[in-house]
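Notes for the one structure printed next.
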């Protein structure tokens, strides 16, 4: 029995991969099927799975971002990347330290990948050095996705009032069911957009995810420290409360 985490932001492709894996690897237990990189990172840290199937491009943290901290977060996890970038991926994966699947996933290709992953699990090999080299190569070779212009302002509600808020004035965003709480020095407002969609339009040079449900403005951070559990604690310049950086995200935070 082996445990697995899947990260794929397209629901149909995620469901298809789950079904294909049920056929190709019946004894595999899928402990989490995530739709973004932040959730995948926390699931991997929590479950320490033997294998993770990571979409290379996802909102917020990409599969490359997640894989880049696995040596610290879950060093024994074998990685299989899922990618649409055929021409860029094949050369990078020829060394064989990490496997890949092209979208849409073909059953025959998945069956071969499963056999290779099982062989690596049986031999106990997880070469962090080879994975790091592969990530550097992929980072250089993969085309950068077209991103919309970063969000400059937004409208959020405070009771019956609608506020116009400049994004640079936001201290942090926090998920609240299907909505997002926007925190500024003046107080909180409610944005009718899930936090996952915000990850696609915020400037990544200004905002960082520190938890699957929290995005912080880097300019709003006064200091960062660790508590007794190993989590990070952020103190803010314009807000009295502190923010927790979940333990797996601390690896990303230190790499800033």
Of all residues being more than 26 Å from residue 199 (Cα to Cα) and buried (at least 18 other Cβ atoms within 10 Å of the Cβ) in the range 25-48, which is farthest from the chain's Cα centre (by Cα)? Just the residue, please. 25
With 161, 168, 188, 197 as the choices, which residue is assigned by TED's automatic domain parsing to the domain that holds residue 245 and under 18 Å from the mean Cα position of the chain (by Cα)? 197
Restricting the range 233-256 to residues that are at pLDDT 85 or above and exposed (fewer than 11 other Cβ atoms within 10 Å of the Cβ), the one nearest to residue 70 (Cα to Cα) turns out to be 241
Only unsatisfied item for residue 10, checking (1) more than 20 Å from residue 108 (Cα to Cα); (2) within 17 Å of the chain's Cα centre (by Cα); (3) buried (at least 18 other Cβ atoms within 10 Å of the Cβ), is (3)
Of the residues in the range 216-249, how many are under 24 Å from residue 62 (Cβ atoms), free of Cβ contacts under 8 Å to residues at least 60 places away in the same chain and assigned to a strand (DSSP E or B)? 8
Go through the range 131-166 and give me each residue that's at pLDDT below 80, surrounded by 10 or more Cβ atoms within 10 Å (Cβ to Cβ) and more than 24 Å from residue 77 (Cβ to Cβ). 147
Working carefully through the options 71, 52, 45, 76, find the one that is in contact with a strand residue (DSSP E or B) (Cβ under 9 Å, 6 or more places away or on another chain) and either part of a strand (DSSP E or B) or farther than 15 Å from residue 113 by Cβ (or both). 52
Flagged in the range 206-232 as surrounded by fewer than 14 Cβ atoms within 10 Å (Cβ to Cβ) and touching a helix residue (DSSP H, G or I) at 6+ places or on another chain (Cβ under 8 Å), in numbering order, are 219, 226, 229, 230
Within the range 180-188, is there a residue that is assigned to a loop (DSSP other than H, G, I, E, B) and either touching a residue at least 24 places away in the same chain (Cβ under 8 Å) or buried (at least 16 other Cβ atoms within 10 Å of the Cβ) (or both)? yes
Given (1) within 23 Å of residue 106 (Cα to Cα); (2) touching a strand residue (DSSP E or B) at 6+ places or on another chain (Cβ under 6 Å), where does residue 38 come up short, assuming only one miss? (1)
Residue ID - surrounded by the most Cβ atoms within 10 Å (Cβ to Cβ), chosen from residues in the range 95-130 that are over 14 Å from residue 81 (Cβ atoms) and either at pLDDT below 75 or not assigned by TED's automatic domain parsing to the domain that holds residue 59 (or both): 126
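The values are calculated or read from the model by the stated rules, or taken from the named source; none is laboratory data. Given the structure is predicted, the values throughout are model-derived calculations rather than measurements. In this analysis, Cβ positions are derived from the backbone assuming ideal geometry, glycine residues included, and neighbour counts consider all displayed protein chains.
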